[in-house]
Structures are given as structure tokens and as C-alpha cells.
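This report concerns only the one structure given below.
The values are calculated or read from the model by the stated rules, or taken from the named source; none is laboratory data. Predicted, not measured: the structure shown is a model, and the values here were computed from it. A quick note on method: Cβ atoms are made from the backbone with ideal geometry, for glycine too, and the neighbour counts reach across all protein chains shown.
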Amino acid sequence: MTHALLDLAPLTAAHFASIERRVAALLGTEQDVIIMQGEALLPLEGCIRGGAHPGSTALNVVTGPYGQTFGNWLRDCGAHVVDLEVPFHTAVTAEQVEAALAAHPEIDFVSLVHAEAATGNTNPVAAIGEVVRAHGAVFMLDAVASVAAEPLLPDAWGVDLCVIGAQKAMGGPAGVSAVSVSERAWERIAANPAAPRGSYLSLLDWKQRWIDGGRKALLHAPAQLEMLALEACVERIESEGLDTVISRHARAAAATRAGALALGGGLTPYVHEVPDAAPVATTLRAPAGVDARDLVAKALATDASLPLVAGGGALAAEMIRVNHYGVDASRHVVRSSLAALGDALAGHGRAVDPEAALRAADESWK
Ligand SMILES: *Cc1c(COP(=O)(O)O)cnc(C)c1O
């Protein structure tokens, strides 16, 4: 055990504020950024409970399991919820969002997931933001799986509430998260009598006691280890360059997709169209008759450090995820993952061409 993790001095308010500024810079946002002391589901729930109330109507875009969770919270808040669900192997289009808004002019809140690590798809937020802005609704975006994996421009895209976590492409800690909040969103939350106040879920508490007070006094003892890890993680991204980190994730996804197609054996990309495929994780469909969990277990038996995981819930038997989180977005990890999947498929009696897979991945990586 390392005792370097113990007996730390408390993190000062100034230090906390400086980490917030660096996260804001990473998001390129001029809005207020608050770091929340919990995994990203904390600010996501805080945003929904702050923005939704009986009498409000929310458009909840469902492109994967997180969208389903948001719908449940929205309904729990008493909001009327219009669910716009698309098959998880695709992305939603701005036209679909526009049509839903036109059919329900009373919509005043829109929740959307940018990229879904669980299903491997990503949505065109810039175009969607335009139609949401034209309609005038408050726009919440779950960018946990997109930050540092693909371009994320909350201000330019008109995102009012942008939630990130560090545990995916940022390669950082899971125990803290952040949300940027626009002036419009603050007005909406402040005017909502049902918004959490005096609560761990409250964004408003942070506005009133932390931001409006000049970021001098924290609400409670900060999670130092997580904050220091977040600072280290942002520092590492700054030194590599955010654009370089993003392009590394794009290449890892493209190379994995190309390699899987060349591998054969019945492995196919789960997300049909390339523009809909998220750079944070490549999801693959196991061949008919092969259980994805067996395939992943076999692949991990050769190298347990590979970022391979079977799909969650209903997708467990058919989906294989190759995660490209942080340092795993590398040519080496992509090649090793393809080789291990090739071995596992061969073990199931499938005809595969591992050399072609590696060639295709290398070619794509260039
Ligand atoms: C990973 C992820 C989160 C965070 O949730 P965990 O299940 O705790 O990792 C939230 N939203 C999206 C879209 C994610 O991919």
C-alpha cells in the first residue's frame, strides 16, 4: 500500500478554483463550471432535478441506456416527457429532433447524450443544438463519453448544461465530475421551486455559496485525492494537446473498426454508419451462435489488461466493446485487442485472418 495517499493537507479553495478554471478551459467555455464531488451521474441528476418540474415538458432523446435513465428522472420530477428513441446502432438526427419540437411546442427542456460508451454511437450535437436553440428550450448534454474523445464545443453549440466525467477518454478519476451552466440554465433552476436546495444534488447551492461568493469558501471538504487526480489528468491532456488526444481516439476507433472488418469470422461493427460511431469505444456484434461473454473471456485469458468488455444488460450476449479510454487509445492496444479477438474466434472454430486485421488497422492508423 502506498502511504502517499494518506495524511494529505486539505485542498484549499484557491486550489479547487484553479482546477475548475482548467476544466473550463478544456471545455472552451465561458459559462460557470462547477466540479461536483461524485461520479457524473451526480451532476446529471442534479441538472434534471434542477431543470424539470411538474408542468414542464421535456424532450428526452434516447440513443442508449443513459437516455433511458434520464427519462426516469424526468418523470420522477413530475415533468411530462416526450421520448424520442432511435435504434442504438444509429444516431439521432437534427431533423428528428426538430420534428419532435415542432410536434410539441411546449417542450422547454431537452436532454441528450453526446456519445454513448455502452452502445458506441455518437450524436451530431452541433446541428441538434441549433434546432434546440431556435425552439428556446434549455439544452442538457451528457458529454461524459465524448469529452477528450471528439470535439466538444458547449458554448458554440448552445449547450446550457454540459456534464463531463474524467473516467473515459480523459483517463482520469471517476469520483469527481463537472458541469458547465449557462445564464439561461441558472435562471431556469432558480425559478424552479422544486429544484434541490440545501442538498447534495443542488447546483444552486454551489452557485449561491461558492460562485457568487467569489469561490472563497467550499461547501464541504473536497475529495482531495480525486481532485488531485483530476488536476493531473487535465495537466496530461494539456501537455499532449487536446487535439492530439482527440485524434488518437478517432484513430483508435477507425483502426479497430477496419481491423474487425478485415478479421472476418462473422465479427461486425455494431454501429452501422461510420459517422455515427463514437471515438470513445468501438462496439462489435459477435457472430451468430457465439456468446459475446465467452469471446471476451477467452480474449482476456491471453491478456487481462486489454480494454475488452461484453455489452451490458440486454446486449451482454451479442455485443463486444473495445474501449479506447485515455492511454488505451493507442495503436498497440488496438492491435493486441484485434489479435486476442482473432484467437478467441479461432477457438470457436471461426475462420479468421488476423494478419489482414492488423494490416487494415495499421493502414487505418496512418
Ligand atoms: C460512462 C458514462 C457515464 C457515467 O456513468 P458510469 O456508468 O458510472 O460510468 C454517463 N453517461 C455516459 C453517456 C457514459 O458513457
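In table form, for the structure just shown:
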item: Counted residues, segment 1-33 - those being in contact with a strand residue (DSSP E or B) (Cβ under 6 Å, 6 or more places away or on another chain) and not in a helix (DSSP H, G or I); result: 4
item: Residue 226, sole failed condition from (1) in contact with a Pro (Cβ under 6 Å, 6 or more places away or on another chain); (2) away from the ligand (no atom under 16 Å from the Cβ); (3) among the charged types (D, E, K, R); result: (2)
item: Residue match in segment 38-49 (condition: within 27 Å of residue 172 (Cβ to Cβ) and more than 14 Å from the ligand (Cβ to nearest atom)); result: yes
item: Matching option when the condition is touching a Phe, Trp or Tyr at 6+ places or on another chain (Cβ under 9 Å) and more than 26 Å from residue 146 (Cα to Cα), among 219, 203; result: 219
item: Criterion (modelled with pLDDT of 95 or more and over 20 Å from residue 201 (Cβ atoms)) met by exactly one of 52, 100; result: 100
item: Flag if residue 288 is in a helix (DSSP H, G or I) and among the small types (Gly, Ala, Ser); result: no
item: Test: residue 247 is surrounded by fewer than 20 Cβ atoms within 10 Å (Cβ to Cβ) and not assigned by TED's automatic domain parsing to the domain that holds residue 57; result: yes
item: Matching residues, segment 53-65, being more than 18 Å from residue 128 (Cα to Cα) and either within 16 Å of the ligand (Cβ to nearest atom) or out of contact with any strand residue (DSSP E or B) (no Cβ under 6 Å at 6 or more places or on another chain) (or both); result: 53, 54, 55, 65
item: Segments classed as strands (runs of 3 or more DSSP E), wholly inside segment 95-195, with at least 2 members that are more than 24 Å from residue 56 (Cα to Cα) and within 16 Å of the ligand (Cβ to nearest atom); result: 161-165, 177-181
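Here's the yes/no breakdown for (1) more than 15 Å from the chain's Cα centre (by Cα); (2) surrounded by fewer than 20 Cβ atoms within 10 Å (Cβ to Cβ):
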residue	(1), (2)
24	yes, yes
29	yes, no
40	no, no
43	no, no
60	yes, no
68	no, yes
71	yes, no
82	yes, yes
